[in-house]
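Every number in this text was worked out from the coordinates using simple rules, so none of it is lab data. Owing to the predicted nature of the structure, the values given are computational and were not obtained by experimental measurement. Cβ atoms come from the backbone with ideal geometry, glycine included; neighbour counts cover every protein chain shown.
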Amino acid sequence: MSDSKFIKLDNLSFQQIFDQDAELIPLMTPEDEEEINKSDIPEELPILPLRNTVLFPGVVIPITAGRDKSIQLIKDANAGNKTIGVVAQKTEEVENPGIDDIHKVGTVARILKMLKMPDGNTTVIIQGTKRFEVGELTQEDPYLKATTRSVNEDRSQIKEPEFEAIIDSIKSMALKIIKMNPSLPSEASFAIKNIESSPFLVNFVSSNMNLSVSDKQKLLNNNNLKERALLTLKFMTKEMQKLELRHDIQSKTRSDMDQQQREYFLNQQLKTIQQELGGVSYEEELMEMREKAATKKWSNEIAEKFEKELGRLQRMNPQVSEYSVQRNYLDLLLDLPWEEYSEDKFDLKRAQKILDRDHFGLEKVKDRIIEHLAVLKLKGDMKSPIICLYGPPGVGKTSLGKSIAESLGREYVRMSLGGLRDEAEIRGHRKTYIGAMPGRLLQNLKKAGTSNPVFVLDEIDKLSSSSHNGDPSSAMLEVLDPAQNNEFYDNFLELGYDLSKVLFVATANNISSIPWALRDRMEMINVSGYTIEEKVEIAKRHLLPKQLKEHGLKPKDLQIRKPELEKIVEGYTRESGVRGLDKQIAKVVRYAAKSIALEEEYNTAISSEDVEKILGVSHLERDKYENNDVAGVVTGLAWTRVGGDILFIESIVSKGKGLTITGNLGNVMKESATIAMEYIRAHADVFGIKEKSLDENKVHIHVPEGATPKDGPSAGITMLTSLVSVFTQRKVKSKLAMSGEITLRGKVLPVGGIKEKILAAKRANIKEIILCIDNRKDVEEINQKYLKGVKFHYVSEMKEVIDIALMKQKVKGAKRF
């Protein structure tokens, strides 16, 4: 139980309740109370009479139903709107109470839980909401029902200093009573401290005081909140006086026992019990620790630290809470793999086979791993590099870690950093806290059993930069700095631990969200998307066999040939990775599995018609090239976090003045449109555009898919081409796309994400691409098989873009502006 705003229930075994449903009941906040006060009570309610307790608004109590009428009422209400009226009986001896046997003022309650207890009884947990007055009886069987009237409460004095002083006194006295009374649970003090609502505090204390039903009913009947608070304080004062008197009597009659003698007897009893149960005694545990420490390969500094901490544990009372922290610390020292390393396998050909077997493509990453192995083989020892694989989701970044570990012959460890906000998750907690633990880095190394595993830091771009629990991204700086991580300091360990032999492999989708200092410490390797041909090969070699195995099918039960795989890739997935493709193949495999289970006939060799039957008609045609005969429509290339994509930029001219830009564009794209328009104004004669038409016509630029935010400078030449096309009424060449930034001087500047953009263009069946001349080196770095069937035009001036992109003749029937 922490200081969170939750309570447990008093009148029923906590263990019985929460073993069946491990939920805590939230304390009522002022906002909850205000919302309840605004709500109306039902005009008619089923009435549940209580024998020996009174329910107050906001308070949660368990009720064990014994009478048949009560059981029926609870079942009906729980099946309905869960709202009932709870009223105390005047005398608890009455077995079948009528309207005259219950008090007039009760509490509207809502049913929170119904529990079937081990003894066969039905227990219902209810929470009071508002007081009400019982009206006329409307039903007697199978249980009581009556009309209700709302009872208003006078809260006019709630802001007065005197009332606030009364509330402070109630809270202070309640905490003293809880402390002095051993029969009250310690959780009650946390509940009292966390109650924010003054009316609910009065109700909560009134409900939990040791009072008779008639006294509690007096409190419930009182409509003046201040008077009720004073009466509650009066009852509490009497209870406090009784407790003090009882405490004095016990103090006088209790015989004092020497503390050391008491501890000696208790320890002797504990030792005897452990021996009787066949367990390990306290001294034997310490001896086992010393024997285990003798086998560890650690330095003299760590050995001295262990002996010192073991001596501290030996002097410590096992009953104190710090004992468990100290014991955990010594266990960590013994379990960490100090100077224990797995032997690297230097068979480079075997490593290459493993990497090629598990991953198709990704040549740069494979080459980097082979290089690392080669240096290890020649030198024998080196500081492991910090590799960061970045790229869109589903391209195999995380799974590469397993292949790297297998090729090196090392242990594999994965730690997800997505959403990690607490610095202590990396650096550990200080031992001053009860329940302190080491950071997850050391925990994973302890689990791996070696000090040189392949450690995958997954989703490092989603690591929180700062929060009220510290700055986890800054804590990672020491972990990922080869010059510092040989003495990584964990707050719990309080010693330096060598991480320099660990091969860290980080993964990220968007490197721009990684702090620059963290990015500077890593070797960035781009894992870009796959071509259609590569996806087909991956599906054939990896995805289909994996799905057949996971669904319990054999290769002979289902065959998907290359044409059908290509149809699935092109028509049902539009991504850089293969995660979506994996899901589509899983659907096809499930279809075969269902047919086998139902003993239905199906084609084991899936045809194109079968693909459409199983997956439905393809709806992913949005990035197919649109061969428009309309001037002003241009295809652009864009980079997104999930890979490359194409977008269309449309322009029209109408009577009026000004420039309108739509399509959920960012500031950079809007500026590109403005630059393009101003450049056309300055060079209208070059493009054959009348200056008068620029002044007398309104231009509207739109980028479709308006719900998707778009930004970046790479649409500059696309916007320029679109504007020139609409003013000259010359349409753009068929199957052509472009990407590049523009300046007012008429220059075309290079842009990024070239490989992803080219892959997107190939998916859309683009045949020609216009890029800045400075992007030629980026294209030359790409494997030539990715570029097959695509012609590149490299430009440096805006005029070159127009000459290449636009056809010479005008659109038939159109006029030049």
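At-a-glance table
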read-out	value
Residues 639, 516, 298, sorted so that the one with the fewest Cβ neighbours within 10 Å comes first	516, 298, 639
Reduced Cα scattering model of segment 1-254, Debye log10 I(q)/I(0), q = 0.08, 0.12 Å⁻¹	-0.32, -0.73
Projected label distance in nm at residue 744 and residue 561, using a 7 Å step from Cα toward the beta-carbon	6.2 nm
FRET efficiency, 1/(1 + (r/R0)^6) with R0 45 Å, evaluated for residue 357 and residue 295 via beta carbons	0.75
Label-point separation in nm, residue 341 to residue 422, each point 7 Å along Cα→Cβ	3.4 nm
For segment 305-328 and segment 446-515, distance of Cα centres in Å	29 Å
Calculated Cα extents along the principal axes in Å (choose from (1) 107, 78, 67; (2) 122, 88, 58; (3) 105, 67, 58), label	(1)
Inter-part distance where segment 148-176 and segment 217-231 are each reduced to a Cα centre, Å	9 Å
Rounded, prolate or oblate (a/c below 1.5 giving rounded, otherwise prolate when a/b exceeds b/c) for segment 278-335 by Cα gyration tensor	oblate
Per-residue HN-Hα couplings for segment 580-596 [Karplus 6.51, -1.76, 1.60; θ = phi - 60°; Hz; x = Gly/Pro]	x, 4, 4, 5, 5, 5, 4, 5, 5, 5, 5, 4, 5, 4, 5, 4, 5
If the convex hull is drawn through the Cα atoms of segment 441-574, its volume per residue in Å³	180 Å³
FRET efficiency for residue 692 and residue 550, using Cβ-Cβ distance with R0 set to 56 Å, rounded to 0.05	0.25
Folded to 0 to 90 degrees: helix 348-358 orientation relative to the chain principal axis, Cα	80 degrees
Share of Cα-Cα pairs in segment 692-814 lying beyond 22 Å, as whole percent	39 percent
Label-zone membership for segment 742-766, site residue 790, 7 angstrom Cα→C-beta point, backbone N under 17 Å	750-766
Segment 95-159 pair-distance distribution - Cα-Cα, 5 Å bins, rounded %	4, 13, 16, 18, 21, 13, 8, 4, 3, 1
Helix-only mean residue ellipticity at 222 nm for the chain, each DSSP H run of n ≥ 4 adding -39500 (n - 2.57), per residue, nearest 500	-13000 deg cm²/dmol
Residue 399 versus residue 287: modelled label distance in nm, points set 7 Å from Cα along the beta carbon direction	5.3 nm
Difference of contour (0.36 nm per residue) and Cα-Cα distance, residue 516 to residue 320	66.0 nm
Linear extension gain, residue 307 paired with residue 767, 0.36 nm per residue minus alpha-carbon span	158.3 nm
At R0 = 51 Å, FRET efficiency that the Cβ-Cβ distance of residue 331 and residue 596 yields, to 0.05	0.50
Cα-based helix-to-principal-axis angle, 363-379 vs the chain, degrees rounded to 10	80 degrees
Euclidean distance between Cα centres, segment 44-59 to segment 662-699, Å	75 Å
The chain: angle of helix 282-294 to the longest principal axis, Cα-based, in degrees nearest 10	20 degrees
Of the GluC sites (Glu not before Pro) in segment 64-130, those whose Cβ has at most 11 other Cβ within 10 Å and which sit in DSSP loop	93, 95
Orientation-averaged projected area, Cα convex hull of segment 532-615 (nm²)	4.8 nm²
The chain - share of DSSP beta bridges that are antiparallel (%, nearest 5)	55 percent
Stretchable slack from residue 685 to residue 733, in nm (0.36 nm times residue separation minus alpha-carbon distance)	15.1 nm
Order of 659, 647, 313 under a 10 Å beta carbon neighbour criterion, fewest first	659, 313, 647
Geometric extent, Cα atoms of segment 348-526 - Rg, Dmax (angstrom)	16.2, 51
